Amino acid sequence: MPKEPVAVVGVGQTKHVAARRDVSIAGLVREAAQAALLDAELTWADVDAVVVGKAPDFFEGVMMPELYLADALGAVGKPMLRVHTAGSVGGSTALVAANLVAARVHGTVLTLAFEKQSESNAMWGLSLPVPFQQPLLAGAGGFFAPHVRAYMRRTGAPDTVGSLVAYKDRRNALRNPYAHLHEQDITLEKVQASPMLWDPIRYSETCPSSDGACAMILTDRAGAARAPRPPAWMHGGAMRSEPTLFAGKDFVSPQAGKDCAADVYRQAGIADPRREIDAVEMYVPFSWYEPMWLENLGFAEEGEGWKLTESGVTELDGDLPVNMSGGVLSTNPIGASGMIRFAEAALQVRGLAGEHQVDGARRALGHAYGGGSQFFAMWLVGAEPPTG
């Protein structure tokens with residue numbers, strides 16, 4: 001029996017900010033879930049199961065929070081699953097939920113991811129010792145900066161490329177009412193003059209710490225037929241992982257990322273992603289990862305990704321818009337950041353992305369990665385049901 005087609009019929013987000021002092025974790029997730037139900041015009045009673053995800057529990061110091069969130073998410077007496085795959089968890093959580101629908105285990109599933117970073121300190125929480133190396137890094141940027149420098153050496157990319165990405169994404173964020181950072185006076189010169197945090201990553205080329213949640217309602221073909229607004233249809237989805245450290249690991253372009261993208265394209269019947277995909281929501285916590293992932297995901301040949309960025313291809317009005325919502329560079333509730341990428345891709349093909357809508361978007365890719373470039377989750381959604 002073929003898999004059940006999976007549709008996104010509801011999307012909800014909180015307004016992402018540095019600190020939501022007005023709500024608990026339960027209040028935060030309920031806000032996003034209610035918004036998704038409102039979009040789908042459904043009630044808690046219509047949901048068959050709930051799948052939640054977040055980044056490491058020590059970010060807030062609340063262990064296994066899903067155990068007390070069932071009431072806030074209408075899940076009392078219903079199946080509830082928790083997913084954790086580091087920074088990619090928002091994406092993998094959505095895929096677990098999608099697979100429950102595709103396998104006909106449940107007809108309608110609420111999936112949600114969140115983070116309340118203000119209740120901890122992720123910077124120091126991520127300052128983990130690396131085996132056999134001096135303990136000199138601070139935060140995720142300290143871990144990834146050498147990989148960015150390796151990319152620059154490998155490709156000959158000029159050191160201005162990162163600032164172009166940051167300038168683009170922060171301008172895109174001004175069109176997104178849910179984005180954390182709204183820098184009305186942003187200029188390229190301000191980005192390039194911002195302090196160097198981890199050479200070659202500047203302050204304005206890195207993601208913020210955000211409180212926020214994102215939710216989606218996934219349903220089967222019958223549920224999509226009842227939806228009040230156009231659904232987004234899942235054409236392909238995959239997860240891949242690899243160790244943080246192993247002999248021959250390519251930190252610049254991890255094999256797991258390549259394999260994950262190839263699987264998604266195979267499922268969706270994509271032969272040329274550069275030409276067949278209209279928009280991309282890509283997990284870019286540090287600006288240089290846009291050109292790096294453009295190559296890893298098959299949108300550019302090796303060594304050519306930075307040229308797409310530099311030539312304006314990834315601008316909102318470019319040939320391949322990337323991070324129309326402002327991306328992780330503008331909003332980063334870590335556990336939810338991957339799901340936001342998936343949800344924003346769905347909004348694009350539903351035609352509901354508001355001021356950051358890409359005209360005529362019919363196929364969009366959502367991408368998430370986590371850990372030491374080791375966990376990957378992606379899906380491709382379309383405006384039409386899958387044909388397979």
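One table, with the values for the structure above:
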{"quantity": "Cβ-based charge dipole, the chain, positive-most Cα from ILE25, HIS106, VAL358", "calculated": "HIS106"}
{"quantity": "Estimated distance in nm for a label pair at ALA150 and LEU245, the labels positioned 7 Å out from Cα along Cα-to-Cβ", "calculated": "1.3"}
{"quantity": "Antiparallel DSSP beta bridges within the chain, percent to nearest 5", "calculated": "70"}
{"quantity": "Distance between modelled label sites at ALA103 and GLU41, nm, 7 Å Cα→Cβ extension", "calculated": "3.2"}
{"quantity": "Net charge contributed by nearby residues that have their C-beta within less than 9 Å of LYS168 (K/R +1, D/E -1)", "calculated": "-1"}
{"quantity": "Length-normalised contact order of the chain in % [C-alpha pairs under 8 Å, at least 6 apart]", "calculated": "26"}
{"quantity": "Surface accessible to a 1.4 Å probe, per residue, for the residues of segment 310-388, Å²", "calculated": "26"}
{"quantity": "Solvent-accessible area per residue, Å², over segment 12-105 with all protein chains present [probe radius 1.4 Å]", "calculated": "40"}
{"quantity": "Spatially proximal lysines relative to LYS249 (Cα-Cα < 28 Å; intrachain offsets below 8 disregarded)", "calculated": "LYS54, LYS258, LYS307"}
{"quantity": "Karplus (6.51, -1.76, 1.60) ³J(HN,Hα), θ = phi - 60°, over segment 72-86, in Hz, Gly and Pro reported as x", "calculated": "5, 10, x, 9, 4, x, 10, x, 9, 10, 10, 10, 8, 9, 6"}
{"quantity": "Euclidean distance of C-alpha centroids, segment 81-127 and segment 314-365, integer Å", "calculated": "18"}
{"quantity": "Gained length - GLN34 relative to ARG274, 0.36 nm times residue gap less alpha-carbon distance", "calculated": "82.8 nm"}
{"quantity": "Estimated FRET transfer efficiency when R0 is 25 angstrom, pair GLN255-GLU304 (beta carbons, to 0.05)", "calculated": "0.85"}
{"quantity": "Estimated 222 nm signal from helices in the chain, with DSSP H stretches of n ≥ 4 weighted -39500 (n - 2.57), rounded to 500", "calculated": "-9500 deg cm²/dmol"}
{"quantity": "Of all accessible heavy-atom area on the chain, the percent that carbon and sulfur account for (1.4 Å)", "calculated": "55"}
{"quantity": "Projected label distance in nm at TYR68 and LYS15, using a 7 Å step from Cα toward the beta-carbon", "calculated": "2.7"}
{"quantity": "Phi to ³J(HN,Hα) by Karplus 6.51 cos²θ - 1.76 cosθ + 1.60 over segment 368-374, Hz, x for Gly, Pro", "calculated": "9, 9, x, x, x, 6, 10"}
{"quantity": "Student exercise, the chain dipole from Lys, Arg, Asp, Glu Cβ charges, in Debye to nearest 20", "calculated": "440"}
{"quantity": "Reachable aspartates and glutamates from LYS78, criterion Cα separation under 15 angstrom, eight or more residues apart if same chain", "calculated": "ASP46, ASP48, GLU66"}
{"quantity": "R0 of 41 Å, Cβ-Cβ distance GLU384-LYS78: FRET efficiency to nearest 0.05", "calculated": "0.85"}
{"quantity": "Lysines with Cα under 18 Å of LYS190, excluding same-chain neighbours fewer than 8 positions away", "calculated": "LYS168"}
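The values are calculated or read from the model by the stated rules, or taken from the named source; none is laboratory data. Just so it is clear, the model here is predicted, and its values are computed rather than measured. Methodologically, a virtual Cβ is constructed for each residue, glycine included, from the backbone with ideal geometry; neighbour enumeration extends over all protein chains shown. With ligands, DNA and RNA removed, areas are computed over all heavy atoms of the protein, side chains included. Shrake-Rupley method; radii C 1.70, N 1.55, O 1.52, S 1.80 Å.
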